[in-house]
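Novice: Take this structure, written in structure tokens, and hold onto it; I'll ask about it next.
The values are calculated or read from the model by the stated rules, or taken from the named source; none is laboratory data. Note that the structure is a prediction, hence the values are computed from the model and not measured. Cβ placement follows ideal geometry from the backbone for every residue including glycine, while neighbour counts extend to all protein chains displayed. Protein only, heavy atoms only, side chains kept; ligands, DNA and RNA dropped before computing areas. Shrake-Rupley method; radii C 1.70, N 1.55, O 1.52, S 1.80 Å.
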Amino acid sequence: MATLTISAEDEKRVKALGFLSNKGTDNFSGRIITVNGKISAEQMVCIGEAARLYGNGTVTFTTRLTVEVQGIPYEKIEDFRTFIEKEGLVTGGTGSKVRPVVSCKGTTCQYGLIDTFALSEEIHKRFYEGYANVRLPHKFKIAVGGCPNNCVKPDLNDIGIIGQRIPNFDEDCCNGCKKCTVEQVCPMNAAKVVDGMLEIDEELCNNCGRCVGQCRFDAIEDGQTGYKIYIGGRWGKKVAQGQALRTVFTDEETALKVIEKAILFYREQGKTGERFSQTIDRIGFDRVEELLISDEILSRKQEILDASLHLVGGATC
Ligand code: SF4
Ligand code: SF4
Ligand code: SF4
């Protein structure tokens with residue numbers, strides 16, 4: 001067996017840069033951040049070349065849409081970083097902080113209700129890059145899904161955003177047809193004709209928007225774009241399903257502010273080593289929701305960022 005020569009201190013230092021030790025060797029996997037899982041052809045070629053020049057030629061894709069180049073010797077780490085920088089690529093994605101954002105392909109998907117790539121890129125800029133030096137109690141994962149099909153499992157992330165289309169039903173246009181096309185198209189059985197009028201059960205409706213434009217009498221001509229936000233999900237050693245905030249936000253900026261408030265709240269109120277779901281359980285969902293809706297946390301943003309907290313975070317991977 002090869003003798004390992006990298007000190008624990010050096011291993012920790014490069015881990016913070018996104019280089020994870022390949023077990024039993026002096027080599028590392030360099031974790032490249034893809035912003036939201038979308039890279040250009042030039043970046044793809046650059047990663048391939050970097051894998052041949054500095055690694056062992058193998059590239060792996062992680063569940064959180066980063067790309068890892070395996071087998072990079074410790075002494076080649078800096079050259080590797082410089083090489084991929086020419087295509088605007090950086091390494092990272094470790095530690096007790098906001099982790100790389102995950103997005104579904106809602107921008108191009110036939111079911112997509114929001115531009116997931118644009119939104120996740122904005123989240124990446126504001127909260128992955130913008131909060132890169134903000135220490136949190138543990139890792140903090142964000143996912144953006146384009147519709148309630150939940151392909152990227154937003155509700156199993158600390159924060160999950162799901163695109164919505166809230167149907168705009170005009171009762172005056174409804175004729176209570178025997179065969180209602182809206183009823184037929186609704187995958188949730190939320191739309192039903194009752195006593196000569198269509199009714200949408202808000203408890204069942206997931207705002208998938210499939211009914212929009214389906215009524216031949218224009219009873220649902222359009223719908224409002226929205227953002228549903230789940231908080232406190234996690235997947236791993238322990239599992240928790242996120243809980244949706246009761247408000248469906250109809251404005252992107254408001255939704256982004258809720259994300260920022262959640263991160264600040266977690267930094268201030270979370271105990272080191274505690275995941276966001278545990279902080280929410282300890283403080284109570286209703287109280288957390290109230291704080292995420294109000295502007296109190298954002299008004300103390302600088303104070304929360306300046307506080308000396310979580311100098312050693314709880315994340316181990
Ligand atoms: S969650 Fe919806 S928009 Fe996103 S990939 Fe799945 S079906 Fe498409
Ligand atoms: S929503 Fe349209 S299709 Fe359905 S009952 Fe009303 S008018 Fe008829
Ligand atoms: S938005 Fe979707 S779930 Fe809601 S009534 Fe329309 S089709 Fe049904």
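Novice: Can you give me the solvent accessible area of Val35 with a 1.4 Å probe, rounded to the nearest 10 Å²?
Specialist: 40
Novice: Now a separate question. Counting only other residues whose beta carbon sits under 10 Å from that of Gly233, what net charge do I get with K and R as +1, D and E as -1?
Specialist: +2
Novice: Oh, and also: Using a Gaussian network model of the chain with C-alpha springs under 10 Å, which one of Lys237, Lys86, Lys153 is most mobile by mean-square fluctuation?
Specialist: Lys237
Novice: Using Cα springs under 10 Å in a Gaussian network model of the chain, which residue among Thr60, Thr34, Thr225 shows the largest mean-square fluctuation?
Specialist: Thr60
Novice: Here is a further query. Divide, for the stretch 42-98, the radius of gyration over alpha carbons by 2.2 N^0.38 Å, where N is the residue count.
Specialist: Working it through for the stretch 42-98, the quotient is 1.10.
Novice: For the chain, what D do you get in µm² per second when you plug the Kirkwood radius from alpha-carbon pairs into Stokes-Einstein at 4 °C and 1.567 mPa s?
Specialist: 60
Novice: Working with all protein chains in place, sort Arg287, Arg64, Arg275 by solvent-accessible area computed with a 1.4 Å probe, largest first.
Specialist: Reading off the accessible areas and sorting them downward yields Arg287, Arg64, Arg275.
Novice: Something else now. Could you give the length gained by full extension between Glu85 and Leu4, i.e. 0.36 nm per residue of separation minus their alpha carbon distance, to one decimal place?
Specialist: Residue separation times 0.36 nm, minus the Cα-Cα distance, leaves 26.3 nm.
Novice: Still on this structure: Using the charge dipole of the chain (Lys, Arg: +1 at Cβ; Asp, Glu: -1 at Cβ; taken about the Cα centre), state which of Ile33, Ala191, Asn149 has its Cα farthest towards the positive end.
Specialist: Among Ile33, Ala191, Asn149, the one farthest towards the positive end of the dipole of the chain is Ile33.
Novice: Something else: Counting Lys and Arg as +1 and Asp and Glu as -1, each charge on the Cβ, what is the dipole of the chain about the Cα centre in debye, to the nearest 20?
Specialist: Its charge dipole is roughly 1320 debye.
Novice: Would you please classify the overall shape of the stretch 250-294 from the alpha carbon gyration tensor, given that a ≥ b ≥ c denote the square roots of the eigenvalues, rounded means a/c under 1.5, and beyond that prolate means a/b larger than b/c while oblate covers the rest?
Specialist: It is prolate, given that a/c is not under 1.5 and a/b is the larger ratio.
Novice: Can you find, among Phe19, Ile77, Gly55, the residue farthest towards the positive end of the dipole of the stretch 2-92? Put +1 on the C-beta of Lys and Arg, -1 on that of Asp and Glu.
Specialist: Sorting the options by dipole projection puts first Phe19.
Novice: State the Cα centre-to-centre distance between the stretch 108-130 and the stretch 137-215 in whole Å.
Specialist: Taking the Cα centre of the stretch 137-215 as reference, the centre of the stretch 108-130 is 21 Å away.
Novice: Also: What does the charge dipole of the stretch 195-279 about its Cα centre add up to, to the nearest 20 debye, if the Cβ of each Lys and Arg holds +1 and the Cβ of each Asp and Glu holds -1?
Specialist: Computed charge dipole of the stretch 195-279: roughly 940 debye.
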